[in-house]
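Below is one structure, written out as structure tokens, with a few remarks after it.
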Amino acid sequence: MRDLLPPEVAVAVAGPDDWTAPLLAAELACLSDSAVESRRRDFTAGRVCARRAMAALGLLPSAVLSAADRAPVWPPGVVGTITHTRGYCAAAAASSSVVRSVGMDAEQHRELNPGVRRLISLPEEDERMAALPAGVSWPAVLFSAKETVYKVWHPVVGTWLDFADAHVELDPDAGTFTARISPARIDAAPVDNPPRTVRGRFVVADGLVRTAAVLPTD
Ligand SMILES: CC(C)(COP(=O)(O)OP(=O)(O)OC[C@H]1O[C@@H](n2cnc3c(N)ncnc32)[C@H](O)[C@@H]1OP(=O)(O)O)[C@@H](O)C(=O)NCCC(=O)NCCS
């Protein structure tokens, strides 16, 4: 993830001990009593990474809570993002004075079943992916890029995006993607200057797809 984001964004990737490290009391209170072991481990690794990323910015690492919709609640003046998938967890943080929003997502690199594919991609995206080099599950990259787009969009705008609301072009040579948000979502956005385009980077390695994007301040 480090290579996918600019230097003003601090990135922390979970090590072996981070999945079972202590949580702050306020973070622990965000975990449902009925949370299963795997959810506890993912949540814990995400919070440990979030605090480590904030410490790397020179900030006092305080609790990152969870909103009712599960969106992370970063301390004032901080923007950030968390992702976890089997065996991998990372968090990133930046000062809101230098970055408007940051998102990242990690997924297992695998073929997506046709039902999921139909749900996440637009016909023109399918057409373009069919022409991309073999050996990579491009739908998995597209899926991850769209999750990243949502993680960039939602903290800034506060509204939902369907998978059809982001039109994503992947550039396999540059390892970049460009997402154009649907005009309807932009027109309905309850904020000034909603993002129209989200530009990010991706990498496929070690059995994972990783994507990340930042929205610069204007
Ligand atoms: C929220 C969502 C993007 C999370 O992605 P995921 O691949 O399921 O899971 P990840 O492990 O990568 O990310 C989970 C983390 O995302 C963060 N997250 C949850 N909701 C979020 C939101 N609204 N905004 C930003 N981050 C959010 C949380 O930190 C969560 O971890 P935590 O619960 O331990 O704190 C996904 O579940 C979702 O709802 N997707 C549908 C919306 C969407 O992607 N639309 C496509 C738009 S083009």
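What follows draws every value from the coordinates through simple rules; no lab data is involved. Fair warning: this is a prediction, and the values are worked out from it, not measured in the lab. Neighbour counts run over all protein chains shown; Cβ positions are idealised from the backbone, glycine included.
Within a 10 angstrom radius of the beta carbon, how do H167, H84 rank from fewest other beta carbons to most?
The fewest-first ordering by Cβ neighbours comes to H167, H84.
Hey, can you grab everything whose amide H is under 5 Å from the amide H of R100? Only 5+ residues off in sequence or another chain; H modelled, so Pro and N-termini drop out.
For R100, the qualifying residues are L215, T217.
Any idea what Rg and Dmax come out to for the chain if you just take the C-alpha atoms, in Å?
Using the Cα atoms of the chain, the pair Rg, Dmax is 17.0, 50 Å.
What ranking do R40, R2 get, fewest neighbouring Cβ atoms within 10 angstrom at the top?
Lowest count first: R2, R40.
From largest to smallest, what semi-axes in whole angstrom does segment 105-216 give when each is the square root of 5 times an eigenvalue of its alpha carbon gyration tensor?
One finds semi-axes of 24, 15, 12 Å for segment 105-216.
Tabulate in residue order the Karplus-calculated ³J(HN,Hα) for segment 101-113, using 6.51 cos²θ - 1.76 cosθ + 1.60 with θ = phi - 60°, rounded to whole Hz; enter x for Gly and Pro.
Karplus-based 3J(HN,Hα) across segment 101-113 equals 7, 9, x, 8, 8, 10, 9, 5, 7, 7, 5, 8, 6 Hz.
Taking other Cβ within 10 Å of each residue's Cβ, how do S32, S66 sort, fewest first?
On the way: S32 10, S66 18.
Fewest-to-most ranking of S32, S66: S32, S66.
Just in segment 110-197: which trypsin sites (Lys or Arg not before Pro) are loop by DSSP and have at most 15 other Cβ atoms within 10 Å?
Loop-located and lightly packed - R110, R196.
What does the convex hull of the Cα atoms of segment 2-97 come to per residue, in Å³, rounded to a whole number? Walk me through the numbers before you get to the answer.
Numbers: hull volume 9.9 nm³, N = 96.
Here the figure is 104 Å³ per residue.
For segment 155-214, run through the chymotrypsin sites (Phe, Trp or Tyr not before Pro) and keep only the ones in DSSP coil with at most 15 other Cβ atoms within 10 Å of their Cβ. Can you show the working numbers first?
Details: sites: W160, F163, F177, F202; in loops: W160.
When the chymotrypsin sites (Phe, Trp or Tyr not before Pro) of segment 155-214 are filtered for loop state and at most 15 Cβ neighbours within 10 Å, W160 remain.
Angle, helix 37-56 long axis vs. longest principal axis of the chain, Cα atoms, 0 to 90°, nearest 10?
With rounding to tens, the tilt is 80 degrees.
Using a Förster radius of 30 Å, what is the FRET efficiency between S97 and S32 based on their Cβ-Cβ separation? Nearest 0.05, please.
0.30
From the Cα gyration tensor of segment 74-149, with a ≥ b ≥ c the square roots of its eigenvalues, which class applies: rounded if a/c is under 1.5, or else prolate if a/b is larger than b/c, or else oblate?
Verdict is prolate for segment 74-149.
Relative to the first principal axis of the alpha-carbon coordinates of the chain, what is the inclination of helix 138-157, with its axis defined by its Cα atoms, in degrees from 0 to 90 and to the nearest 10?
Compared with the principal axis, the helix lies near 60 degrees.
Run the dipole for the chain about the Cα centre, Lys and Arg Cβ at +1, Asp and Glu Cβ at -1, nothing else charged, and hand back the magnitude in debye, nearest 20.
It comes to approximately 360 debye.
Which of the peptides 8-16, 69-77, 133-141 is most tightly packed, and how do the rest follow, judged by the mean count of other Cβ atoms within 10 Å per residue?
Details: 8-16: 18.9, 69-77: 12.4, 133-141: 15.8.
Final packing ranking: 8-16, 133-141, 69-77.
In deg cm²/dmol, rounded to 500, what helix-only [θ] at 222 nm does the chain give when every DSSP H run of at least 4 residues adds -39500 (n - 2.57) and the total is split over its residues?
Helix-only estimate at 222 nm: -9000 deg cm²/dmol.
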